[in-house]
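Participant: Mind having a look at this structure? Questions to follow.
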Amino acid sequence: MNLLSLPPTPHAHPVRPPGRSRPRFPVAAVLADRIDDAPVVDAAARLAAARRCPLLLIAVMPPLPPRAAAHRPDGTVARAVLGRALPRLARAGIAHEPAVYHRPSGRGGRLADARGLLAVAIAHGCSLLVVSRSGPTGLDACTVMEAAALRGGPLIHAASPVSWVPGLR
């Protein structure tokens, strides 16, 4: 009797044919057009390289006016937010894909922004988000971690902001 003829147990991992690897889930970097985007991209690039997976760049955009069309991920406005990240990713040689998250315009509670951001990441199949510790209100690492814990995933990695050193330019 070989291992493949045994009945599956509820906790068993599926058997994969030889030569097939696990599906690669992208790592997401949350970019809010702030100076803290640089450490977020660096941390996300390191994690994506270690996991050998692509990088999803989520551009956080302001709320849309009523009846306005959402910005496209490859549009001019989104590229302006993602522009700081692209040279770093080109040097690292990591594949990337853009995405856009529009903040909600109403007051949906303290975790509304974080829940919406998680929905965008999960829709793209992300298993790990890299978020700035000092991100914008509602999208800082602590709030996103709390929303992810309530939702049951994905994992959140908090990137420390750039430390300011007096006298350096």
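The values are calculated or read from the model by the stated rules, or taken from the named source; none is laboratory data. In this text, all values refer to a predicted model and were calculated from it rather than measured experimentally. Please note: Cβ atoms are built from the backbone with ideal geometry, for glycine as well, and neighbour counts cover all protein chains shown. Surface accessibility is based on the protein's heavy atoms, side chains included, excluding ligands, DNA and RNA. Shrake-Rupley method; radii C 1.70, N 1.55, O 1.52, S 1.80 Å.
Participant: Show me 47-60, 100-113 ranked by packing, highest mean number of other Cβ atoms within 10 Å first.
Facilitator: 47-60, 100-113
Participant: Carbon-plus-sulfur fraction of the accessible area of the range 40-130, 1.4 Å probe, in percent?
Facilitator: On the range 40-130, the fraction of accessible area on carbon and sulfur atoms equals 56 percent.
Participant: Which of the peptides 25-34, 79-88, 115-124 is most tightly packed, and how do the rest follow, going by the mean number of other Cβ atoms within 10 Å of each residue?
Facilitator: 25-34, 115-124, 79-88
Participant: Put +1 on the Cβ of each Lys and Arg and -1 on the Cβ of each Asp and Glu in the range 41-119; which of Pro63, Ala48, Ala114 then has its Cα farthest toward the positive end of the dipole?
Facilitator: The residue sitting most towards the positive pole is Ala114.
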